[in-house]
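Below is one structure, written out as structure tokens; comments come after it.
Values in this text are rule-based calculations from the coordinates and carry no lab data. These numbers were taken from a predicted model, which means no experiment stands behind them. Cβ: placed from backbone, ideal geometry, glycine included. Neighbour counts: every protein chain shown.
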Ligand code: URA
């Protein structure tokens, strides 16, 4: 068959062979890597050799098989010296072979492998701070980036369990079509917080304090309470209603207090005179019990456990005040 013009004008075109996708584009999960290497050129199949075996381990850990996915790369031909494809090359190939098919088939999730593939489908290329978060490509398709599984071989900072947790997230979104990326929480009033805390049996809490030379002289600047869907933010100078609400939440035995390193916040609140009766549920401790070897920062936990956009990268706030 005579090659079509967009390919013949590409500098990468068919230097050694063309590696075409496996699976069918009707699959609801697309997995898109970077570029073919020597193993892929010898088989003309994406993700062959050692990198392919690593990919299979990640798929298996999420109870997925190659037959469940449409598997390809952002370029179909091997770049010279196995360098990453240039943006021009990857745009060229993706514009021709991938974007129109995404439009046509609307996969539920595109799982991108590596920084180059992330850049093709989002506005950034910061793979370590983007992986595990959920990006919306359009109204039907979500993008979940992860690092290139092949990088596990040579980059000691990349732990296979992190890559596997990203595959698990893609699989969860795939299997549950009702699961949507978390939206920005709605602002609510004091009475609603107390009612919901009693109904739900827990409330999440976070405080911000000003540093002082002595720990016990810390001053409280902000207290945030709520859940992933609804929040109340109170800041100094605190009103009587603020203090009464914080007091009621902390002193009700049937309301558990949940938070990141919550023990610290509670010690500060107790030093200010609040009585605490509810169970403390610390997200850092729970995470540590599962993955003691992985980072413990909140941004990292968000990328593992939540279906959310990377909030540090989000620009515009959609907070809605319904007080
Ligand atoms: N093999 C591929 O096909 N793509 C990659 O990105 C890495 C290995």
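Expressed per residue, the C-alpha convex hull volume of the stretch 133-241 stands at 199 Å³.
Multiply the residue gap between residue 183 and residue 233 by 0.36 nm, knock off their C-alpha separation, and tell me the result in nm, one decimal place. Write out the running numbers ahead of the final one.
Working: separation 50, 0.36 × 50 = 18.00 nm, distance 1.71 nm.
Computed gain between residue 183 and residue 233 is 16.3 nm.
Mean sequence separation of contacting Cα pairs (under 8 Å, at least six apart), scaled by the length of the chain, corresponds to a relative contact order of 15 percent.
Restricting attention to the chain, close to 40% of DSSP beta bridges with both partner residues there are antiparallel.
Pairs of alpha carbons in the chain separated by more than 32 Å make up 41% of all such pairs.
Using the Cα coordinates of the stretch 5-175, the gyration tensor eigenvalues translate into equivalent-ellipsoid semi-axes of 22, 18, 15 Å, sorted from longest to shortest. Mean projection of the Cα convex hull over all viewing directions, computed for the stretch 77-143: 4.8 nm².
Projected label points at residue 216 and residue 254, each 7 Å from Cα along the beta carbon direction, are separated by 3.7 nanometres.
Annotation for residue 99 and residue 208: the two label points, set 7 Å from Cα along the Cα-Cβ direction, are 3.9 nm apart. Packing-based ranking of 232-244, 84-96, 198-210 yields 84-96, 198-210, 232-244, ordered from highest to lowest mean Cβ neighbour count within 10 Å.
From most to least packed by mean Cβ count within 10 Å, the peptides 262-273, 66-77 give 66-77, 262-273. For the stretch 186-284, the Stokes-Einstein estimate of translational diffusion at 20 °C and a viscosity of 1.002 mPa s comes to 159 µm²/s, using the Kirkwood hydrodynamic radius over alpha-carbon pairs.
Working from Cα positions, state the angle (0 to 90°, nearest 10) between the long axis of helix 87-97 and the longest principal axis of the chain. With rounding to tens, the tilt is 80 degrees.
If R0 is taken as 51 Å, the Cβ-Cβ distance between residue 279 and residue 42 corresponds to a FRET efficiency of 0.30. Separation of the stretch 184-260 from the stretch 112-142 is 33 Å, based on Cα centroids.
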